[in-house]
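Single-structure report; data block below.
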Amino acid sequence: MKHILILFILLLNLQFSLAQTEYIDSLYTVEKTTHTYHKFDRKDSLQLDFYKPQGVEKQLPLLVYVHGGGFSSGVRNDKNTKKFANAMAEKGYAVASISYRLIMKRKGFDCNTKTEDKIKAFDTAAEDVSYAIKHIIKNMSTFNIDKDKIVISGTSAGAEAVLHLTYVYNNKILPKRFKLAGVIGMAGAIITLDQINMDKAIPTQLFHGTNDNLVPYHIAAHHYCSPDAKGYMILNGSRAIADRLKGLGKSYYLFSINSGTHSWSGIPMRRCITEVTDFLYNDVLNMANRQTERTIGF
């Protein structure tokens, strides 16, 4: 009778494991290590935290995460980020949460900040994300990732950085033939839509509150600054980016929070893991080329 019970339990465990799907379900324990990915001089360097599922020998799809904070604050290892990184690594993804140069520290990032300084912040963050990707690709023996399945993601300023890198930044750091597999922006925007074309468009997921008071959901001035302000700069938010991709017939996933404000920038990392997983599994890994829109209440 005891042997029959053991056999029954083993069969149940086997059935349970077969019912689970890698990259959708949480299957793994996670190992975290910290690495320096770029040095500017003896004193200044940039680090990343690398989360990977234990016991996986094959090359892994990589999700790079860039924190928010107005290019003046924020850290790569806050509580929200660590939970998000662990949740994704448990499903089978490698995750790199990076630090980057906070060049607006003690300067602010509002209507009193010069427009050219804001654009410089976008460029600098995009450059640092590029250095992180380059370092990971160069050190394959350490990171063992699939260089054709790299997705960049970020919240608020981090979202502006990754969207800027994808669709605006003139990248001279990464190889010419390198192409990202996808991008996820949480409350982000870009300064122009002109470079979103058939060649540059990639699967893009966008989370945004329709009443975002800092980064416009559609097309408006950053922080809704007046035209005479030093920091006046028109931004194209998630709705505008999605419309552009829709017109091109390219893959996008727009998740709108009706009446949501900028406070929603980091919430998808906790409440929308299912939607992020859906996008990564279907639109990135399986190249479904869907055009998805979903709206929820605030």
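Readers should treat all values here as calculations from the given coordinates under stated rules, not as data from a laboratory. Note that the structure is predicted; figures quoted are calculated from it, not measured. Glycine also receives a Cβ, built like all others from the backbone with ideal geometry; neighbour counts cover every protein chain displayed.
Below, the figures for the structure above:
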| read-out | value |
| --- | --- |
| Estimated vicinal HN-Hα couplings, Hz - segment 51-58 in sequence order (Karplus 6.51, -1.76, 1.60; Gly, Pro = x) | 10, 9, x, 6, x, 9, 8, 6 |
| Computed helical MRE - 222 nm, the chain, DSSP H runs ≥ 4 contributing -39500 (n - 2.57), nearest 500 | -9000 deg cm²/dmol |
| Rounded if a/c under 1.5, otherwise prolate or oblate - segment 75-181, Cα gyration tensor axes | oblate |
| DSSP beta bridge pairing in the chain, given as percent antiparallel to the nearest 5 | 35 |
| Loop chymotrypsin sites (Phe, Trp or Tyr not before Pro), segment 213-267 (other Cβ atoms within 10 Å of the site Cβ: 13 or fewer; DSSP) | none |
| Straight-distance crosslink candidates among aspartates and glutamates, where the alpha carbon sits under 14 Å from residue 39 and sequence neighbours closer than 8 are dropped | 127, 128 |
| Unsatisfied cross-links (Cα-Cα over 26 Å) in the set 138/179; 91/149; 43/230; 91/147 | 43/230 |
| Calculated SAXS-style log₁₀ I(q)/I(0) at q = 0.10, 0.15 Å⁻¹ - the chain, Debye, Cα scatterers | -0.53, -1.15 |
| Helical segments meeting 24 Å axial Cα length and Kyte-Doolittle 1.6 threshold in the chain (DSSP H) | 2-19 |
| Residues 101, 244, sorted so that the one with the fewest Cβ neighbours within 10 Å comes first | 101, 244 |
| Cα gyration tensor, segment 144-298 - rounded (a/c under 1.5), prolate or oblate | oblate |
| Free-standing Cys residues across the chain, given no other cysteine C-beta under 4.7 angstrom | 272 |
| Label-point separation in nm, residue 172 to residue 39, each point 7 Å along Cα→Cβ | 2.4 |
| Considering only segment 46-146, percent of DSSP beta bridges that pair antiparallel, nearest 5 | 40 |
| Semi-axis lengths (Å, descending) of the ellipsoid that matches the C-alpha gyration tensor of segment 59-103 | 22, 11, 6 |
| For segment 94-100, 3J(HN,Hα) per residue [Karplus equation, 6.51 cos²θ - 1.76 cosθ + 1.60, θ = phi - 60°, Hz, x = Gly/Pro] | 7, 10, 10, 9, 10, 8, 8 |
| Whole-Å distance, taken between Cα centres, linking segment 135-179 and segment 53-86 | 13 |
